1. Collect the residues in region 1-34 that are on the phi > 0 side of the Ramachandran plot and within 16 Å of ligand 2 (Cβ to nearest atom), keeping them in residue-number order.
2. Residues that are within 16 Å of ligand 2 (Cβ to nearest atom) and small (Gly, Ala, Ser): does region 233-245 have at least one?
3. So which residues in region 137-152 are farther than 23 Å from residue 70 by Cα and either under 18 Å from the mean Cα position of the chain (by Cα) or assigned to a loop (DSSP other than H, G, I, E, B) (or both)?
4. Just to be sure, is residue 148 away from ligand 2 (no atom under 13 Å from the Cβ) and among the hydrophobic types (A, V, I, L, M, F, W, C)?
5. Counting only residues that are within 12 Å of the chain's Cα centre (by Cα) and in a strand (DSSP E or B), which one in region 202-230 is nearest to ligand 1 (Cβ to nearest atom)?
6. Only one residue in 199, 155 is closer than 21 Å to residue 270 by Cα, within 13 Å of ligand 1 (Cβ to nearest atom) and either in a strand (DSSP E or B) or without any contact (Cβ under 8 Å) to a residue 40 or more places away in the chain (or both). Which one?
7. For region 399-409, how many residues meet the condition of being crowded, with 19+ Cβ neighbours inside 10 Å and not in a loop (DSSP other than H, G, I, E, B)?
8. Tell me the residue from 53, 69 that is surrounded by fewer than 22 Cβ atoms within 10 Å (Cβ to Cβ), out of contact with any Pro (no Cβ under 6 Å at 6 or more places or on another chain) and not hydroxyl-bearing (Ser, Thr, Tyr), please.
Amino acid sequence: MRVLVVGNGGREHTLVWKLKQSKKVQEIYCAPGNGGIEELARCVPIQPTDVEGIVQFAKNEKIDLTVIGPEAPLLAGLADRLADEGLKVFGPKKQAAQIEGSKRFAKELMKKYNIPTAAFRAFTEPAEAKAYVREQGAPIVVKADGLAAGKGVVVARTVAEAEAAITEAMENRIFGDAGNQVVIEECLTGQEISLMAFVDGNTMKPMVISQDHKPVFDGDQGPNTGGMGAYSPVPQIPQTVVDEAIHSILIPMVEAFKQENIEYKGVLYAGLMITSTGPKVIEFNARFGDPETQVVLPRLKTDLVDVLMAVIEGKLAEQEIEWDEQSAVCVVMASGGYPGSYKTGHVITGLPKDTESQMIFHAGTKKTDGQVITAGGRVLGVTALGKDIHTAREAAYQLVEQISFSDVHFRKDIAKKALL
Ligand code: AMP
Ligand code: GLY
(Lines give C-alpha, C1' and ligand atoms only; values in the text may rest on other atoms or scores of the structure.)
(Ligands and ions follow the chains in the order given, each with its own letter.)
Protein backbone atom coordinates (compact mmCIF):
# COMPACT_ATOMS: atom_id res chain seq x y z
CA MET A 1 0.00 0.00 0.00
CA ARG A 2 0.97 3.58 -0.60
CA VAL A 3 0.06 5.71 2.40
CA LEU A 4 -0.02 9.49 2.89
CA VAL A 5 -0.07 11.07 6.35
CA VAL A 6 -1.17 14.72 6.50
CA GLY A 7 0.39 16.96 9.17
CA ASN A 8 3.70 17.87 10.76
CA GLY A 9 3.49 17.30 14.51
CA GLY A 10 4.38 14.67 17.08
CA ARG A 11 1.08 12.96 16.39
CA GLU A 12 1.93 12.59 12.71
CA HIS A 13 5.42 11.31 13.51
CA THR A 14 3.78 8.68 15.71
CA LEU A 15 1.28 7.76 12.97
CA VAL A 16 4.07 7.42 10.40
CA TRP A 17 6.17 5.34 12.84
CA LYS A 18 3.26 3.01 13.58
CA LEU A 19 2.13 2.68 9.96
CA LYS A 20 5.68 1.91 8.92
CA GLN A 21 5.56 -1.21 11.15
CA SER A 22 2.80 -2.65 8.97
CA LYS A 23 3.84 -5.25 6.39
CA LYS A 24 1.03 -3.90 4.22
CA VAL A 25 2.74 -0.52 3.78
CA GLN A 26 5.27 -0.28 0.94
CA GLU A 27 5.63 3.47 0.60
CA ILE A 28 4.82 6.22 3.03
CA TYR A 29 4.57 9.95 2.37
CA CYS A 30 3.96 12.84 4.71
CA ALA A 31 2.68 16.34 3.86
CA PRO A 32 4.58 18.31 4.98
CA GLY A 33 6.29 16.28 7.76
CA ASN A 34 9.18 17.42 9.93
CA GLY A 35 12.82 16.69 10.74
CA GLY A 36 12.02 13.35 12.39
CA ILE A 37 9.37 12.18 9.95
CA GLU A 38 11.75 12.57 7.02
CA GLU A 39 13.81 9.68 8.43
CA LEU A 40 10.82 7.37 7.91
CA ALA A 41 8.73 8.86 5.11
CA ARG A 42 9.08 10.88 1.95
CA CYS A 43 8.12 14.40 2.95
CA VAL A 44 6.33 16.53 0.38
CA PRO A 45 6.06 20.30 0.82
CA ILE A 46 2.26 20.60 0.72
CA GLN A 47 0.45 22.35 3.57
CA PRO A 48 -2.30 20.34 5.35
CA THR A 49 -4.97 22.92 4.45
CA ASP A 50 -3.97 23.02 0.76
CA VAL A 51 -6.89 20.74 0.00
CA GLU A 52 -6.53 20.71 -3.79
CA GLY A 53 -2.75 20.28 -3.52
CA ILE A 54 -3.18 17.18 -1.39
CA VAL A 55 -5.96 15.76 -3.55
CA GLN A 56 -3.80 16.18 -6.68
CA PHE A 57 -0.82 14.57 -4.97
CA ALA A 58 -2.90 11.60 -3.75
CA LYS A 59 -4.30 11.11 -7.28
CA ASN A 60 -0.96 11.45 -9.05
CA GLU A 61 0.86 9.15 -6.63
CA LYS A 62 -2.00 6.63 -6.53
CA ILE A 63 -2.20 6.80 -2.75
CA ASP A 64 -4.20 3.89 -1.30
CA LEU A 65 -4.83 5.47 2.11
CA THR A 66 -4.64 9.06 3.34
CA VAL A 67 -4.58 9.60 7.12
CA ILE A 68 -5.44 13.13 8.23
CA GLY A 69 -3.74 14.19 11.49
CA PRO A 70 -4.83 17.74 12.40
CA GLU A 71 -8.25 19.37 12.65
CA ALA A 72 -7.75 22.24 10.19
CA PRO A 73 -7.76 20.07 7.02
CA LEU A 74 -10.77 18.10 8.34
CA LEU A 75 -12.68 21.34 8.75
CA ALA A 76 -11.47 22.54 5.36
CA GLY A 77 -13.17 19.48 3.83
CA LEU A 78 -10.12 17.41 2.88
CA ALA A 79 -11.83 14.10 3.71
CA ASP A 80 -14.86 15.12 1.61
CA ARG A 81 -12.71 15.99 -1.40
CA LEU A 82 -10.59 12.82 -1.23
CA ALA A 83 -13.73 10.68 -0.94
CA ASP A 84 -15.29 12.55 -3.91
CA GLU A 85 -12.29 11.43 -5.96
CA GLY A 86 -12.85 7.83 -4.91
CA LEU A 87 -9.77 7.82 -2.67
CA LYS A 88 -9.66 6.09 0.72
CA VAL A 89 -9.30 8.51 3.61
CA PHE A 90 -9.17 8.17 7.39
CA GLY A 91 -10.77 11.16 9.12
CA PRO A 92 -14.32 12.53 9.32
CA LYS A 93 -15.89 14.77 6.71
CA LYS A 94 -16.35 18.47 7.32
CA GLN A 95 -19.88 18.25 8.71
CA ALA A 96 -18.93 15.59 11.28
CA ALA A 97 -15.74 17.49 12.20
CA GLN A 98 -17.97 20.34 13.44
CA ILE A 99 -17.95 18.43 16.72
CA GLU A 100 -14.50 19.99 17.12
CA GLY A 101 -14.85 23.03 14.84
CA SER A 102 -17.75 24.60 16.71
CA LYS A 103 -18.03 24.39 20.47
CA ARG A 104 -21.60 25.61 20.19
CA PHE A 105 -22.52 22.79 17.78
CA ALA A 106 -20.90 20.26 20.15
CA LYS A 107 -22.65 21.64 23.22
CA GLU A 108 -26.06 21.74 21.54
CA LEU A 109 -25.71 18.16 20.31
CA MET A 110 -24.76 17.02 23.83
CA LYS A 111 -27.72 18.87 25.30
CA LYS A 112 -30.14 17.34 22.80
CA TYR A 113 -28.93 13.79 23.52
CA ASN A 114 -28.45 14.17 27.28
CA ILE A 115 -24.73 13.65 27.22
CA PRO A 116 -23.18 14.87 30.48
CA THR A 117 -21.24 18.11 30.05
CA ALA A 118 -20.77 21.42 31.87
CA ALA A 119 -23.82 23.72 31.87
CA PHE A 120 -23.33 26.43 29.24
CA ARG A 121 -24.69 29.38 27.27
CA ALA A 122 -23.49 30.63 23.88
CA PHE A 123 -23.26 34.35 23.01
CA THR A 124 -22.67 36.48 19.92
CA GLU A 125 -22.76 39.80 21.82
CA PRO A 126 -19.92 40.62 24.24
CA ALA A 127 -22.17 42.77 26.47
CA GLU A 128 -24.60 39.87 26.95
CA ALA A 129 -21.76 37.45 27.61
CA LYS A 130 -20.35 39.79 30.27
CA ALA A 131 -23.73 40.30 31.91
CA TYR A 132 -24.13 36.51 32.11
CA VAL A 133 -20.68 36.14 33.69
CA ARG A 134 -21.52 38.78 36.31
CA GLU A 135 -24.76 36.97 37.08
CA GLN A 136 -23.09 33.53 37.38
CA GLY A 137 -19.96 34.60 39.26
CA ALA A 138 -16.53 32.96 39.20
CA PRO A 139 -14.85 30.55 38.70
CA ILE A 140 -16.25 30.30 35.18
CA VAL A 141 -14.92 29.17 31.80
CA VAL A 142 -14.82 31.32 28.64
CA LYS A 143 -14.30 29.54 25.30
CA ALA A 144 -13.92 30.99 21.82
CA ASP A 145 -16.40 29.07 19.64
CA GLY A 146 -14.08 28.18 16.76
CA LEU A 147 -10.63 26.66 16.40
CA ALA A 148 -7.87 28.30 18.42
CA ALA A 149 -5.17 25.60 18.57
CA GLY A 150 -6.15 24.61 22.10
CA LYS A 151 -5.55 28.14 23.35
CA GLY A 152 -9.06 29.61 23.11
CA VAL A 153 -10.13 28.58 26.61
CA VAL A 154 -9.76 30.66 29.77
CA VAL A 155 -10.62 29.13 33.14
CA ALA A 156 -11.33 32.44 34.89
CA ARG A 157 -10.87 32.61 38.64
CA THR A 158 -12.55 36.02 38.89
CA VAL A 159 -15.37 37.80 37.08
CA ALA A 160 -12.87 40.46 35.92
CA GLU A 161 -10.67 37.76 34.36
CA ALA A 162 -13.72 36.29 32.57
CA GLU A 163 -14.77 39.73 31.26
CA ALA A 164 -11.23 40.36 30.02
CA ALA A 165 -11.28 37.01 28.18
CA ILE A 166 -14.56 37.98 26.49
CA THR A 167 -13.06 41.34 25.44
CA GLU A 168 -9.97 39.61 24.04
CA ALA A 169 -11.93 37.03 22.02
CA MET A 170 -14.91 39.12 20.84
CA GLU A 171 -13.67 42.72 20.71
CA ASN A 172 -9.90 42.45 20.27
CA ARG A 173 -10.47 39.33 18.14
CA ILE A 174 -7.20 37.67 19.16
CA PHE A 175 -8.47 34.37 17.69
CA GLY A 176 -9.98 36.04 14.57
CA ASP A 177 -13.35 34.63 13.48
CA ALA A 178 -13.05 31.83 16.07
CA GLY A 179 -14.13 34.50 18.57
CA ASN A 180 -17.31 35.60 16.77
CA GLN A 181 -19.17 33.59 19.37
CA VAL A 182 -18.18 32.54 22.85
CA VAL A 183 -19.42 29.68 24.99
CA ILE A 184 -19.53 30.37 28.73
CA GLU A 185 -19.39 27.24 30.84
CA GLU A 186 -19.73 26.07 34.38
CA CYS A 187 -16.28 25.32 35.83
CA LEU A 188 -15.84 21.60 36.49
CA THR A 189 -13.34 20.14 38.93
CA GLY A 190 -11.68 16.74 39.00
CA GLN A 191 -9.03 14.85 37.06
CA GLU A 192 -9.02 15.01 33.28
CA ILE A 193 -8.66 12.05 30.95
CA SER A 194 -8.60 11.69 27.19
CA LEU A 195 -10.79 8.89 25.90
CA MET A 196 -10.36 8.32 22.18
CA ALA A 197 -12.32 5.82 20.10
CA PHE A 198 -12.33 4.49 16.56
CA VAL A 199 -15.75 5.00 14.97
CA ASP A 200 -16.88 3.54 11.61
CA GLY A 201 -20.27 5.23 11.42
CA ASN A 202 -21.96 2.43 13.40
CA THR A 203 -19.52 0.68 15.65
CA MET A 204 -17.32 2.38 18.22
CA LYS A 205 -14.21 0.81 19.77
CA PRO A 206 -12.48 2.74 22.54
CA MET A 207 -8.72 3.07 22.76
CA VAL A 208 -6.84 2.89 26.06
CA ILE A 209 -7.15 6.10 28.09
CA SER A 210 -4.47 8.72 28.60
CA GLN A 211 -3.97 12.00 30.43
CA ASP A 212 -2.66 15.21 28.89
CA HIS A 213 -0.98 18.13 30.69
CA LYS A 214 -2.31 21.33 29.12
CA PRO A 215 -0.85 24.17 31.23
CA VAL A 216 2.69 25.17 30.38
CA PHE A 217 4.20 25.03 33.90
CA ASP A 218 4.54 22.44 36.66
CA GLY A 219 1.61 22.09 39.02
CA ASP A 220 -0.77 23.00 36.15
CA GLN A 221 0.20 26.66 36.32
CA GLY A 222 0.34 29.17 33.48
CA PRO A 223 -1.50 29.39 30.18
CA ASN A 224 -2.84 26.38 28.30
CA THR A 225 -0.80 24.86 25.48
CA GLY A 226 -1.52 22.14 22.93
CA GLY A 227 -0.24 19.71 25.60
CA MET A 228 3.08 19.43 27.49
CA GLY A 229 3.11 15.67 28.01
CA ALA A 230 0.92 12.62 28.42
CA TYR A 231 0.80 9.15 29.88
CA SER A 232 -1.21 5.96 29.44
CA PRO A 233 -2.82 4.14 31.19
CA VAL A 234 -4.15 6.41 33.95
CA PRO A 235 -4.03 3.97 36.89
CA GLN A 236 -5.77 6.26 39.40
CA ILE A 237 -8.94 6.26 37.27
CA PRO A 238 -10.81 2.97 37.86
CA GLN A 239 -12.01 0.95 34.87
CA THR A 240 -15.59 1.30 36.18
CA VAL A 241 -15.35 5.07 35.59
CA VAL A 242 -14.03 4.49 32.06
CA ASP A 243 -16.90 2.06 31.41
CA GLU A 244 -19.34 4.66 32.69
CA ALA A 245 -17.89 7.22 30.25
CA ILE A 246 -18.16 4.75 27.39
CA HIS A 247 -21.82 4.12 28.20
CA SER A 248 -22.92 7.64 29.10
CA ILE A 249 -20.84 9.53 26.52
CA LEU A 250 -19.24 7.63 23.63
CA ILE A 251 -22.05 5.23 22.77
CA PRO A 252 -24.76 7.95 22.94
CA MET A 253 -22.58 10.28 20.82
CA VAL A 254 -22.25 7.72 18.05
CA GLU A 255 -26.01 7.20 18.27
CA ALA A 256 -26.55 11.00 18.16
CA PHE A 257 -24.57 11.26 14.91
CA LYS A 258 -26.69 8.48 13.42
CA GLN A 259 -29.93 10.16 14.51
CA GLU A 260 -28.74 13.43 12.97
CA ASN A 261 -27.79 11.61 9.74
CA ILE A 262 -24.19 12.69 10.07
CA GLU A 263 -21.74 9.97 9.05
CA TYR A 264 -18.94 9.88 11.63
CA LYS A 265 -15.88 7.90 10.55
CA GLY A 266 -12.51 8.36 12.17
CA VAL A 267 -11.33 9.06 15.69
CA LEU A 268 -13.76 10.55 18.18
CA TYR A 269 -11.79 12.09 21.03
CA ALA A 270 -13.59 12.89 24.26
CA GLY A 271 -11.78 15.19 26.70
CA LEU A 272 -13.40 14.32 30.03
CA MET A 273 -13.46 15.70 33.54
CA ILE A 274 -13.99 12.99 36.15
CA THR A 275 -16.21 14.93 38.56
CA SER A 276 -17.70 13.79 41.86
CA THR A 277 -20.92 13.10 39.93
CA GLY A 278 -19.24 11.12 37.15
CA PRO A 279 -17.45 11.80 33.86
CA LYS A 280 -18.45 14.97 31.97
CA VAL A 281 -17.37 16.18 28.55
CA ILE A 282 -14.99 19.14 28.37
CA GLU A 283 -14.55 18.94 24.62
CA PHE A 284 -14.75 16.65 21.64
CA ASN A 285 -12.08 16.47 18.96
CA ALA A 286 -12.47 14.87 15.55
CA ARG A 287 -8.95 13.41 15.42
CA PHE A 288 -6.16 11.76 17.37
CA GLY A 289 -4.98 13.89 20.33
CA ASP A 290 -1.49 15.31 20.46
CA PRO A 291 0.46 14.38 22.63
CA GLU A 292 -1.97 11.60 23.66
CA THR A 293 -1.31 9.67 20.43
CA GLN A 294 2.35 9.50 21.38
CA VAL A 295 1.49 7.33 24.39
CA VAL A 296 -1.54 5.48 23.01
CA LEU A 297 -0.31 4.22 19.62
CA PRO A 298 2.92 2.74 21.06
CA ARG A 299 0.58 0.52 23.12
CA LEU A 300 -1.41 -0.66 20.08
CA LYS A 301 -0.49 -4.26 19.24
CA THR A 302 -2.81 -4.63 16.24
CA ASP A 303 -1.67 -3.51 12.78
CA LEU A 304 -2.85 0.12 12.55
CA VAL A 305 -3.57 -0.26 8.83
CA ASP A 306 -6.10 -3.01 9.62
CA VAL A 307 -7.86 -0.80 12.15
CA LEU A 308 -7.95 2.28 9.88
CA MET A 309 -9.21 0.24 6.91
CA ALA A 310 -11.90 -1.39 9.08
CA VAL A 311 -13.11 2.10 10.01
CA ILE A 312 -13.15 3.25 6.38
CA GLU A 313 -14.94 0.11 5.20
CA GLY A 314 -17.46 0.07 8.05
CA LYS A 315 -16.15 -3.26 9.34
CA LEU A 316 -14.94 -2.22 12.78
CA ALA A 317 -17.28 -4.69 14.51
CA GLU A 318 -15.24 -7.57 13.05
CA GLN A 319 -11.83 -6.03 13.83
CA GLU A 320 -10.00 -7.11 16.99
CA ILE A 321 -7.97 -4.35 18.64
CA GLU A 322 -5.28 -5.45 21.10
CA TRP A 323 -3.35 -3.28 23.54
CA ASP A 324 0.00 -3.74 25.25
CA GLU A 325 -0.05 -3.94 29.06
CA GLN A 326 2.99 -1.66 29.29
CA SER A 327 2.77 1.97 30.36
CA ALA A 328 3.91 4.90 28.23
CA VAL A 329 5.02 8.38 29.26
CA CYS A 330 5.71 11.28 26.87
CA VAL A 331 7.48 14.47 27.98
CA VAL A 332 7.20 17.37 25.53
CA MET A 333 10.36 19.46 25.11
CA ALA A 334 9.24 22.91 23.99
CA SER A 335 10.78 26.22 22.94
CA GLY A 336 11.05 28.64 25.88
CA GLY A 337 8.26 31.22 25.60
CA TYR A 338 5.70 28.81 24.07
CA PRO A 339 2.63 29.15 24.00
CA GLY A 340 3.57 32.83 23.59
CA SER A 341 6.33 33.95 21.24
CA TYR A 342 9.56 31.97 21.02
CA LYS A 343 12.69 31.72 18.89
CA THR A 344 13.40 28.89 16.46
CA GLY A 345 16.50 27.70 14.61
CA HIS A 346 18.37 26.32 17.64
CA VAL A 347 20.46 23.20 17.05
CA ILE A 348 19.25 20.11 18.92
CA THR A 349 22.01 17.87 20.25
CA GLY A 350 22.20 14.54 22.04
CA LEU A 351 19.20 12.95 20.31
CA PRO A 352 19.16 9.28 21.40
CA LYS A 353 18.38 6.48 18.95
CA ASP A 354 14.91 4.94 19.02
CA THR A 355 14.60 1.43 20.44
CA GLU A 356 11.63 -0.89 21.13
CA SER A 357 10.94 1.00 24.34
CA GLN A 358 12.00 4.58 23.59
CA MET A 359 10.89 6.87 20.80
CA ILE A 360 11.74 10.50 20.18
CA PHE A 361 8.76 11.85 18.26
CA HIS A 362 9.52 15.12 16.50
CA ALA A 363 7.04 18.01 16.35
CA GLY A 364 8.57 21.43 15.57
CA THR A 365 11.87 20.32 14.06
CA LYS A 366 13.54 20.49 10.69
CA LYS A 367 16.73 19.12 9.22
CA THR A 368 19.25 21.50 7.72
CA ASP A 369 22.78 20.51 6.63
CA GLY A 370 22.56 17.27 8.57
CA GLN A 371 21.58 19.04 11.79
CA VAL A 372 18.22 18.89 13.50
CA ILE A 373 17.02 22.37 14.47
CA THR A 374 14.01 23.70 16.37
CA ALA A 375 11.18 24.96 14.17
CA GLY A 376 8.11 25.28 16.41
CA GLY A 377 6.66 25.66 19.89
CA ARG A 378 6.44 22.01 20.82
CA VAL A 379 9.72 20.56 19.58
CA LEU A 380 9.99 16.91 20.67
CA GLY A 381 7.78 14.29 22.36
CA VAL A 382 10.19 12.14 24.32
CA THR A 383 8.40 8.84 24.91
CA ALA A 384 9.31 5.74 26.88
CA LEU A 385 7.56 2.45 27.63
CA GLY A 386 7.95 0.57 30.89
CA LYS A 387 6.31 -2.03 33.09
CA ASP A 388 4.47 0.70 35.02
CA ILE A 389 4.12 4.49 34.95
CA HIS A 390 6.98 4.96 37.41
CA THR A 391 9.44 3.01 35.23
CA ALA A 392 8.29 4.62 31.99
CA ARG A 393 8.49 8.07 33.57
CA GLU A 394 12.05 7.56 34.84
CA ALA A 395 13.09 6.32 31.41
CA ALA A 396 11.46 9.29 29.62
CA TYR A 397 13.16 11.84 31.89
CA GLN A 398 16.53 10.09 31.44
CA LEU A 399 16.15 10.59 27.71
CA VAL A 400 15.15 14.23 28.20
CA GLU A 401 18.38 14.79 30.16
CA GLN A 402 20.44 13.63 27.18
CA ILE A 403 18.86 16.09 24.75
CA SER A 404 19.60 19.79 24.66
CA PHE A 405 18.85 22.98 22.76
CA SER A 406 18.88 26.67 23.73
CA ASP A 407 15.88 27.98 25.69
CA VAL A 408 14.42 24.49 26.18
CA HIS A 409 11.41 24.23 28.47
CA PHE A 410 9.71 21.07 29.70
CA ARG A 411 7.51 20.17 32.65
CA LYS A 412 9.16 18.12 35.36
CA ASP A 413 5.93 16.69 36.74
CA ILE A 414 4.51 14.74 33.80
CA ALA A 415 2.62 11.65 35.05
CA LYS A 416 3.12 12.65 38.68
CA LYS A 417 -0.62 12.48 39.33
CA ALA A 418 -0.43 8.74 38.66
CA LEU A 419 2.11 8.28 41.45
CA LEU A 420 0.40 10.15 44.31
P1 AMP B 1 -10.59 22.66 25.77
O2 AMP B 1 -9.79 23.34 24.70
O3 AMP B 1 -12.06 22.85 25.66
O4 AMP B 1 -10.15 21.24 25.98
O5 AMP B 1 -10.16 23.32 27.15
C6 AMP B 1 -8.81 23.41 27.51
C7 AMP B 1 -8.66 23.12 28.98
O8 AMP B 1 -9.40 24.06 29.76
C9 AMP B 1 -9.18 21.77 29.40
O10 AMP B 1 -8.28 20.74 29.19
C11 AMP B 1 -9.48 22.00 30.87
O12 AMP B 1 -8.30 21.88 31.63
C13 AMP B 1 -9.93 23.41 30.90
N14 AMP B 1 -11.40 23.47 30.85
C15 AMP B 1 -12.17 23.53 29.76
N16 AMP B 1 -13.48 23.54 30.07
C17 AMP B 1 -13.54 23.48 31.42
C18 AMP B 1 -14.63 23.47 32.36
N19 AMP B 1 -15.90 23.54 31.99
N20 AMP B 1 -14.31 23.39 33.67
C21 AMP B 1 -13.02 23.36 34.07
N22 AMP B 1 -11.95 23.37 33.24
C23 AMP B 1 -12.22 23.44 31.92
N1 GLY C 1 -3.87 17.31 23.59
C2 GLY C 1 -5.14 17.84 23.33
C3 GLY C 1 -5.57 17.79 21.94
O4 GLY C 1 -5.02 17.07 21.11
O5 GLY C 1 -6.51 18.47 21.61
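The values are calculated or read from the model by the stated rules, or taken from the named source; none is laboratory data. Bear in mind that the values here come from a model prediction, so they are computed numbers and not experimental data. Positions of Cβ are backbone-derived with ideal geometry, glycine not excepted, and every protein chain shown enters the neighbour counts.
1. Across region 1-34, the qualifying residue is only 7.
2. For region 233-245, residues within 16 Å of ligand 2 (Cβ to nearest atom) and small (Gly, Ala, Ser): absent.
3. Matches in region 137-152: 137, 138, 139.
4. No.
5. 212
6. Sole residue among the options that is closer than 21 Å to residue 270 by Cα, within 13 Å of ligand 1 (Cβ to nearest atom) and either in a strand (DSSP E or B) or without any contact (Cβ under 8 Å) to a residue 40 or more places away in the chain (or both): 155.
7. Residues meeting the conditions: 2.
8. 53 is the lone residue from the list that is surrounded by fewer than 22 Cβ atoms within 10 Å (Cβ to Cβ), out of contact with any Pro (no Cβ under 6 Å at 6 or more places or on another chain) and not hydroxyl-bearing (Ser, Thr, Tyr).
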